[in-house]
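Engineer: Sending over a structure as structure tokens; questions will come in a sec.
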Amino acid sequence: MENLQPKKIEDSAAETIQLVLAEHLNGYDRLFGGQLVAWIDILAGVVARRHAGKNVTTACIDNLRFRKAAHANDIVVMRGRLTHVGRTSMEVRVDTYIEDITGLREQINTAYLVLVALDENEQPSPVPPLILETEEDKIAWEAAERRQELRRQRRIEQF
Ligand SMILES: CC(C)(COP(=O)(O)OP(=O)(O)OC[C@H]1O[C@@H](n2cnc3c(N)ncnc32)[C@H](O)[C@@H]1OP(=O)(O)O)[C@@H](O)C(=O)NCCC(=O)NCCS
């Protein structure tokens, strides 16, 4: 029988930093949105893989809101943490900030991704339960449940 001990959100939470270089810019000298999505996807994959202890794949990316542009030489900080787990799926919230020279951070993006744990046959595989420790964790979980229900309805409508 597989060991699926509950895990805390902090056990898998992760932060990553990128420096915006010339190769990351679009034709308007701003950070290319697709590059940011790639960084966000990698970070969410790390968070989900840590929680699941298995390989994971991205099922969907949504609520990807670009509030502000990033430019060359900006430090981009991304923080990812689990907001919800189902039987085999996990929702990760990734907040992205620009950090200035004084260390002050301004948020530029929020994204929610759903990742699914896979077994050795690349089929969805169960993940450990999530321990919710704070009132914020519980509010985030309930909001994630509503998003997951909306995604389920969207899938039914699309196929
Ligand atoms: C994601 C994938 C593994 C799901 O497989 P599936 O056969 O549809 O699996 P199921 O219907 O049993 O769903 C498994 C879980 O994923 C969730 N899920 C599946 N598609 C989803 C979507 N589009 N959005 C949110 N959750 C989704 C289900 O709700 C379910 O969650 P639960 O186990 O926590 O209840 C499969 O669709 C896949 O491999 N897609 C390609 C992923 C990929 O290649 N990503 C890289 C980007 S190119």
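The values are calculated or read from the model by the stated rules, or taken from the named source; none is laboratory data. Remember, it's a predicted structure, so these values are computed and weren't measured experimentally. Neighbour counts are summed over all protein chains in view; Cβ atoms, including those assigned to glycine, are modelled from backbone coordinates with ideal geometry. Keep in mind that these areas ignore ligands, DNA and RNA; they rest on the heavy atoms of the full protein, side chains included. Shrake-Rupley method; radii C 1.70, N 1.55, O 1.52, S 1.80 Å.
Engineer: So which trypsin sites (Lys or Arg not before Pro) in region 64-113 pass both tests, a DSSP loop state and at most 15 other Cβ atoms within 10 Å of the Cβ?
Structural biologist: Those that pass, being in a loop and sparsely packed, are R67, K68, R87.
Engineer: With all distinct Cα pairs included, what does the Kirkwood hydrodynamic radius of region 1-47 come out to in Å, to one decimal, could you say?
Structural biologist: The answer is 13.2 Å.
Engineer: L25's amide H: which non-local residues (gap 5+, or another chain) put their own amide H closer than 5 Å, with H modeled 1.01 Å from N in plane and none for Pro or chain starts?
Structural biologist: When sequence neighbours closer than 5 places are left aside, the close amide H contacts are F32.
Engineer: To continue, here is another question. Share of the chain's accessible area from carbon and sulfur, percent, 1.4 Å?
Structural biologist: 50 percent
Engineer: Let me ask you something else. Would you kindly calculate the mean projected area, averaged across all directions, of the convex hull enclosing the Cα atoms of the chain, in square nanometres?
Structural biologist: 11.2 nm²
Engineer: Using DSSP to define loop residues, name the chymotrypsin sites (Phe, Trp or Tyr not before Pro) in region 1-49 whose beta-carbon has at most 14 other beta-carbon atoms within 10 Å.
Structural biologist: Qualifying residues, ordered by number: Y28.
Engineer: I'd like to know which of S89, V77, G27 lies farthest towards the positive end of the charge dipole of the chain, counting +1 on Cβ of Lys and Arg and -1 on Cβ of Asp and Glu.
Structural biologist: S89
Engineer: Give the calculated FRET efficiency between E10 and F32 to the nearest 0.05, with a Förster radius of 41 Å applied to their Cβ-Cβ distance.
Structural biologist: Given R0 = 41 Å and the Cβ-Cβ separation, E is 0.80.
Engineer: Taking springs between alpha-carbon atoms closer than 10 angstrom, which of T110, T102, T83 fluctuates most in the Gaussian network model of the chain?
Structural biologist: T102
Engineer: Please give the per residue accessible area of region 1-104, computed with a probe of 1.4 Å over protein heavy atoms only, in Å².
Structural biologist: So region 1-104 comes to 57 Å² accessible per residue, rounded to a whole number.
Engineer: Give the cross-link partners of K8 among the lysines, using a straight C-alpha distance below 25 Å as the criterion and excluding same-chain residues fewer than 8 apart.
Structural biologist: K54, K138
Engineer: Which GluC sites (Glu not before Pro) in region 1-78 pass both tests, a DSSP loop state and at most 11 other beta-carbon atoms within 10 Å?
Structural biologist: Taking region 1-78 and a limit of 11 other Cβ atoms within 10 Å, the loop GluC sites (Glu not before Pro) found are E2.
Engineer: Report the calculated FRET efficiency for E99 and R154 (r = Cβ-Cβ distance, R0 = 22 Å), to the nearest 0.05.
Structural biologist: E(calc), rounded to 0.05, equals 0.05.
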